[in-house]
Amino acid sequence: MFDQQTVEMLLVGVWDTLYMTVVATFFSYVFGMIMGVVLVVCRRDGIRPNALVYNVLDVVVNLTRSFPFLILMIAVIPFTRFLVGTTIGNNATVVPLVLAAAPFVARLVESSLLEVDHGVVEAAQSMGASTWQIIVKVLLPEARPSLINGSAVSAITILGYSAMSGAVGGGGLGKLAIMYGYNRYQTDIMVITVVLLIIIVQAFQSFGNWATRRSDKRGS
């Protein structure tokens, strides 16, 4: 059906897509985890209430999440060029991916941590646990299954963003779908890129479900 050159092109597209998605998911979870924890800790009924920090971070997260990804990707072109020296390619795409996904991850983390039984937190406080100890030994371990499931959701969301980035200089399967499937009317390329994206999504979700079940068994 496809010649060797087309197959190699698709394999490179899959690799580029996985690279952008995995790297962006990692950094998004690093920054999103920090923001999510701060939101939970500093909220009015948190363990260290701080209205100023909470309100500022809450506004920043909401504003960043309100940007459509393509517009955000264009808006941060100067910042992207400053960080990686270019505005096209896989590494350049990772920057707006992280900026777009980190606030989304922060909300997922916040939601997961808020599911933790407040009585467990109060018990830790009554035994003299510090804020750091409560975060590391109570909140995060108790919320682990939900956090793992959220990471799969985040990866799939970032995968969708990475596909859209092909419209403005990004690489991966999105670039192939636009360059060959849309601009050159090669429907077969468009179909196979969609099928490959579906397979990757299913793989991410299946891994997330497996990891969540494994975490539940360890916690029980």
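The values are calculated or read from the model by the stated rules, or taken from the named source; none is laboratory data. Predicted model, so just to flag it, every value in this text is computed and none were measured. Methodologically, a virtual Cβ is constructed for each residue, glycine included, from the backbone with ideal geometry; neighbour enumeration extends over all protein chains shown. The accessibility values were calculated without ligands, DNA or RNA, using every heavy atom of the protein model including side chains. Shrake-Rupley method; radii C 1.70, N 1.55, O 1.52, S 1.80 Å.
Inside the range 112-137, residues that are in contact with a helix residue (DSSP H, G or I) (Cβ under 8 Å, 6 or more places away or on another chain) and open to solvent by 40 Å² or more (accessible area, probe 1.4 Å) make up a count of 7.
Check the range 124-147 and report whether any residue there is within 30 Å of residue 92 (Cα to Cα) and assigned to a helix (DSSP H, G or I). Yes; the residues of the range 124-147 include at least one that is within 30 Å of residue 92 (Cα to Cα) and assigned to a helix (DSSP H, G or I). Within the range 17-36, can one find any residue that is more than 18 Å from the chain's Cα centre (by Cα) and touching a residue at least 40 places away in the same chain (Cβ under 8 Å)? No; the residues of the range 17-36 include none that is more than 18 Å from the chain's Cα centre (by Cα) and touching a residue at least 40 places away in the same chain (Cβ under 8 Å). Look at the range 1-12: where a residue is under 16 Å from residue 171 (Cα atoms) and a partner is modelled with pLDDT under 80 and open to solvent by less than 100 Å² (accessible area, probe 1.4 Å), sitting 6+ places away or on another chain with Cβ atoms under 8 Å, you get 10/2.
For the range 143-156, the tally of residues that are open to solvent by 30 Å² or more (accessible area, probe 1.4 Å) and over 13 Å from residue 207 (Cα atoms) stands at 2. Here the condition is being surrounded by fewer than 23 Cβ atoms within 10 Å (Cβ to Cβ), among the small types (Gly, Ala, Ser) and in a helix (DSSP H, G or I); of 174, 208, it holds for 208 alone.
Taking residues in the range 128-157 that are on the phi < 0 side of the Ramachandran plot, and partners anywhere that are part of a loop (DSSP other than H, G, I, E, B) and surrounded by 17 or more Cβ atoms within 10 Å (Cβ to Cβ), the pairs with Cβ atoms closer than 7 Å and at least 6 places apart or on different chains are 131/47; 134/47; 139/116; 142/116; 143/116.
Restrict the check to the range 39-52 and report whether at least one residue is surrounded by fewer than 18 Cβ atoms within 10 Å (Cβ to Cβ), under 18 Å from the mean Cα position of the chain (by Cα) and within 28 Å of residue 165 (Cβ to Cβ). There is no residue in the range 39-52 that is surrounded by fewer than 18 Cβ atoms within 10 Å (Cβ to Cβ), under 18 Å from the mean Cα position of the chain (by Cα) and within 28 Å of residue 165 (Cβ to Cβ). Within the range 63-97, being modelled with pLDDT of 85 or more, open to solvent by less than 80 Å² (accessible area, probe 1.4 Å) and in contact with a Ser or Thr (Cβ under 7 Å, 6 or more places away or on another chain) holds for 73, 77, 80, 92, 93, 95, 96, 97.
Determine whether the range 157-165 contains at least one residue that is surrounded by fewer than 20 Cβ atoms within 10 Å (Cβ to Cβ) and in a helix (DSSP H, G or I). Checked against the condition, which is being surrounded by fewer than 20 Cβ atoms within 10 Å (Cβ to Cβ) and in a helix (DSSP H, G or I), the range 157-165 yields at least one hit.
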